[in-house]
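K.L.:
Structure provided below as structure tokens; questions to follow.
The values are calculated or read from the model by the stated rules, or taken from the named source; none is laboratory data. Since the model is a prediction, treat every value here as computed from it, not as a measurement. So basically every Cβ, Gly included, is an ideal-geometry build from the backbone, and we count neighbours across all protein chains shown. Quick note on the areas: whole protein, heavy atoms, side chains included, nothing else; ligands and nucleic acids left out. Shrake-Rupley method; radii C 1.70, N 1.55, O 1.52, S 1.80 Å.
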Amino acid sequence: LEPIEETAAMAEPGKVDAVVCDIREEDQVEALVDGALERHGRIDILVNNAGGQFLCPAEDITPKGFRTVVRLNLEGTWLMTHAVATKAFIPSGRGGRVVSVTLTPRNGIYGMAHSSAARAGVESLMKVLAVEWARFNINLMCVAPGVVDTDTLRTKYPPEFSEYLKSGLLAGELVPAEDVAQVIAFVVSPAGGSITASVINVDN
């Protein structure tokens, strides 16, 4: 809860609610969406940005480890998207916008077989739902950041891994987190128009 409250405190008082939810658990997802509708009356935008993985050679990933990452990144995204669509977007008749943050594993990322598979699944899921839910005026898309400059990247992974990731970047520079936020803000704004079923890459 603490880091969520810290983020919420950056906004004007009363504008952001800090709520803990394990997106792998259907009952918690349902409660989160119901609570948001109760407090605010409507939901217009969903950004799926929760996720996680651990660095591990493919041959050493256990079945449990693989399932854990896929369940969080893929199933969690599905549960959130389905709940918001069926409880808010479709019943309201107004539709809405969904942005799912993935990865940029176009050439494969060493040690990330589980996460790459899950995120590729998310991208395909968004494309299918964009086709199925177009009749409800729901736009769905993915934003795939490159290697984002975060405290997690600098502290959770070995320096050699960061250098390996940077070596594949066109400009050799990490992507500022603010750049990713600005892209998401654009595609969910009126200026984003009817962007849907797209995978937008943010890369340096």
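K.L.:
How would 186, 161, 136 line up by accessible area, probe 1.4 Å, largest first?
P.N.:
186, 136, 161
K.L.:
Determine the gain in length on full extension of the stretch residue 164-residue 39; use 0.36 nm per residue of separation and subtract their C-alpha separation, reporting nm with one decimal.
P.N.:
Gain on extension, residue 164 to residue 39, equals 40.5 nm.
K.L.:
Across all directions of projection, what mean area in square nanometres is found for the Cα convex hull of the chain?
P.N.:
Approximately 12.1 nm², given one-decimal rounding.
K.L.:
On a 0 to 90° scale, report how tilted helix 177-188 is relative to the longest principal axis of the chain, with both axes built from alpha carbons and the result rounded to the nearest 10.
P.N.:
30 degrees
K.L.:
Separate question: Per the Kirkwood definition applied to all pairs of different Cα atoms, how many angstroms is the hydrodynamic radius of the range 35-76?
P.N.:
12.8 Å
K.L.:
Non-local amide H neighbours of residue 144 (under 5 Å, H modeled in plane, Pro and chain starts lacking H): which ones?
P.N.:
For residue 144, the qualifying residues are 102, 200, 201, 202.
K.L.:
Moving on. Report the full-extension gain for the segment residue 26 to residue 86: residue separation times 0.36 nm, less the Cα-Cα distance, to one decimal in nm.
P.N.:
20.2 nm
K.L.:
Rounded to the nearest 0.05, what FRET efficiency do residue 16 and residue 58 give with R0 = 25 Å and r taken as the Cβ-Cβ distance? Could you check?
P.N.:
Efficiency at R0 = 25 Å is approximately 0.05.
K.L.:
When the Cα atoms of the range 19-117 are enclosed in a convex hull and the volume is divided per residue, what value in Å³ results?
P.N.:
Measuring per residue, one finds 96 Å³ for the Cα hull of the range 19-117.
K.L.:
Let me ask another. Per-residue ellipticity at 222 nm for the chain, helices alone: DSSP H runs ≥ 4 residues times -39500 (n - 2.57), over residue total, nearest 500 deg cm²/dmol?
P.N.:
-12500 deg cm²/dmol, from helical runs alone.
K.L.:
Okay, moving on. For residue 7, project a label point 7 Å along Cα to C-beta. Then give me every residue of the range 41-60 with its amide nitrogen under 19 Å of that point.
P.N.:
43-54
K.L.:
How much length is gained if the chain between residue 152 and residue 135 is pulled fully straight, taking 0.36 nm per residue apart and subtracting their Cα-Cα distance, in nm to one decimal?
P.N.:
2.2 nm
K.L.:
Ignoring any ligand, DNA or RNA, what whole percent of the accessible area of the range 47-153 comes from carbon and sulfur when the probe is 1.4 angstrom?
P.N.:
55 percent
K.L.:
Please turn the phi angles of the range 89-102 into ³J(HN,Hα) values with the Karplus equation 6.51 cos²θ - 1.76 cosθ + 1.60 (θ = phi - 60°), one per residue in order, whole Hz, x for glycine and proline.
P.N.:
Here the 3J(HN,Hα) series is 5, 6, x, 6, x, 8, x, x, 10, 10, 10, 10, 7, 10 Hz.
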